[in-house]
Every structure is written in C-alpha cells, then in structure tokens.
Amino acid sequence: MRCIHRQSRYALATLIFTALSVTGASAGVIYSDNFSSDTVGSPPSGWFLDPGTSGVTDNVVNDTTLINEGNAVDFNETGASTRFMLTNFTSQSLAVGDSLSFTFKVAVATTSIPQYDRLFRFGIWNDNGTPVTVSGSSQTNFSDDKGYMDRLDVGAEPSGTLSADTYQANGSVSSLFNTTKSLGGSSSNAAYTLNDNNVHTLTITLTRTDANTITNAFTLDGLPTLTGTDGTAPTFSFDEIALGLTSPTSGLDFHVDDVSVTYTAAVPEPASASLVGVAVAGLFIRRRRRSEA
Ligand SMILES: [Ca+2]
Ligand SMILES: [Ca+2]
Ligand SMILES: [Ca+2]
C-alpha cells in the first residue's frame, strides 16, 4: 500500500509540474539591433529618417561615455524639427491575450538639458503594406500606417503639465507621430522625464485584451507603468517601430542602443490551470481510496 501511495504521489507531483509548466507565457525576441555591425559615422543599416531631415541626424557612434555598449545611434536634433527614424520587423499578429513590446536604452548626450514637453516619442505601427524604404526623400509611405506611441518629457518639468502619455497614433503625410486618440494612460509626476545623462530603459507594450481592444503600456525604468486602453483598435498586427523627436528651439542629442521587439503569446486562463489541478487531485484521492479499500 505504501508503495502505491508513493507512486501516486510521484505521479501527482509530475502532473502538477507539467500543468504548471504549460501555464507559463511563451516569449521570444523577434527583432533586435545593437548596431555592432553598422559603420560609425553613417546611419544604421535598415533604419530610415522621414523627409526633410536637415535638423536631425541618426549616425552611429562608438559610445564609450554614455550607454557604453559599443556602437549606438546618435539621434541628434540640432535645429527646430519634428523628425523620426523607423525600421521594419517581420509582421506579428496578436491573438487575444498576446502582447508585443518594443524596448531600448536611451541616454541624453546634451549636458545642459533644456525642458521640452513630451518631446521624446516612440511606438509600434503596422505599415499597411507600404513600408518606408528610403531616408530623407519626399517618400511618405508612413502616411497610411496604424499604431501606437508613447510620449515623454525631456528636461525639468516647469509647469506641472503631463510628463508622459499614451496614444493611438496613425500616420499622415506630415508625421507618423500623430495624436490620433488619447488613451488615458498618463502622468504629471515629474519623475517621468529624461533629465540627466544616465542610461534609461523605455518600453511600450501593446496587449490585445479582447476582439476590439488593445492596451498601450508605457514604462520608464522601474516607475509605475502607465496604461492606456483603445476599445476600437485600428489593427492587431504590427511590423514597424519608430523613435521620434519634436520641435525644440535648441539642440538636443540622444544616444540609443539595445533596441528589441519581443512577442509574448497568451497565458492560459488561471481558471483552467486550477481545473487541471483539481482534476489531478481528484484522481489521486480516488486512487488512494481504492488502494485503501
Ligand atoms: Ca551597441
Ligand atoms: Ca505605410
Ligand atoms: Ca510636461
């Protein structure tokens, strides 16, 4: 009898372990760039700047002073401009429960940092079948793109206005970073800013929560995540990421490195995981009763 009990317990433990294992989310990096294979002094391979780039450059530098992980992109706004740089990745569709994260490191290279309200922008889009393929020309293939952006203050907040917010952002001929629809995830906490020369990690995570809805979650380092909700999402598949700057009146210089996109498949419902546990426990109890009879 004792032997049967031991075997049953072993089987129970194995089954529970298996059940727990399959409840883990499966996540994978589907795009990454650390710019190590790019030429210093030139724009990074595979990335494009939008038209009219006179005030902005995106040349690769050997960064030994800020992020200090080899090559980085020097995203440098030298004059009044609203500009962005983008790249494509293999299209990823989101089923209900799935999420897609775009994350990167950024450090402000400018030593005396002027304040600009929500100047730094980044997001994830669907290029709608017409990707941008050249830099700085008159090509406006981003004008039909659908997606989401987050915005963040630069410098010290002087006025108590919003420091960070989340948007649905659909392209137009003038920009990719349009404030199409505010999604509600925002903060006026002055901690949400790029106001030093330290390395910061920024992430935008899109999660499909039902047939019509995407949440847009913004995180800066370990600060609380700001989450906006879009109940009428324009798309559930994505293939493009971009970084953007808007209209300062004096120079601002950023280093960007370790760019990646991670797809995370849905986690099974906790309810169904519990049901598996209950069924296994029931089996075990029945076996034990039978063996004791
Ligand atoms: Ca690097
Ligand atoms: Ca397009
Ligand atoms: Ca602000």
Test set (1) away from ligand 2 (no atom under 16 Å from the Cβ); (2) part of a loop (DSSP other than H, G, I, E, B) - G129 fails condition number: (1)
Verdict on Q139 being surrounded by fewer than 23 Cβ atoms within 10 Å (Cβ to Cβ) and away from ligand 2 (no atom under 16 Å from the Cβ): no
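One residue is enough: does the range 73-86 have a residue meeting the conditions within 22 Å of the chain's Cα centre (by Cα), within 16 Å of ligand 1 (Cβ to nearest atom), assigned by TED's automatic domain parsing to the domain that holds R118 and not in a strand (DSSP E or B)? Give the derivation first.
Within the range 73-86, the subset within 22 Å of the chain's Cα centre (by Cα) is 73-76, 82-86.
Retained after the next criterion (residues that are within 16 Å of ligand 1 (Cβ to nearest atom)): 73-75, 85.
From what is left, the residues that are assigned by TED's automatic domain parsing to the domain that holds R118 are 73-75, 85.
If we keep only those that are not in a strand (DSSP E or B) too, we end up with none.
Looking for residues that are within 22 Å of the chain's Cα centre (by Cα), within 16 Å of ligand 1 (Cβ to nearest atom), assigned by TED's automatic domain parsing to the domain that holds R118 and not in a strand (DSSP E or B), one finds none in the range 73-86, hence no.
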Among the residues listed as A169, A190, the single one being at pLDDT below 95, in the same structural domain as S247 (by TED's automatic domain parsing) and not polar (S, T, N, Q): A190
Residues within the range 222-232 that are over 18 Å from S188 (Cβ atoms) and surrounded by fewer than 19 Cβ atoms within 10 Å (Cβ to Cβ), tallied: 4
So A169, is it of a type in the set (A, V, I, L, M, F, W, C), in contact (Cβ under 8 Å) with a residue 12 or more places away in the chain, farther than 20 Å from D58 by Cα and within 16 Å of ligand 2 (Cβ to nearest atom): yes
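Given the structure, is V106 of a type in the set (V, I, T), surrounded by 22 or more Cβ atoms within 10 Å (Cβ to Cβ) and either in contact with a strand residue (DSSP E or B) (Cβ under 9 Å, 6 or more places away or on another chain) or not in a strand (DSSP E or B) (or both)? Walk me through how you get there before you give the answer.
Details: of a type in the set (V, I, T): yes; surrounded by 22 or more Cβ atoms within 10 Å (Cβ to Cβ): yes; either in contact with a strand residue (DSSP E or B) (Cβ under 9 Å, 6 or more places away or on another chain) or not in a strand (DSSP E or B) (or both): yes.
Judged against the criteria, V106 is a match.
The values are calculated or read from the model by the stated rules, or taken from the named source; none is laboratory data. Source: prediction; values computed, not measured. Please note: Cβ atoms are built from the backbone with ideal geometry, for glycine as well, and neighbour counts cover all protein chains shown.
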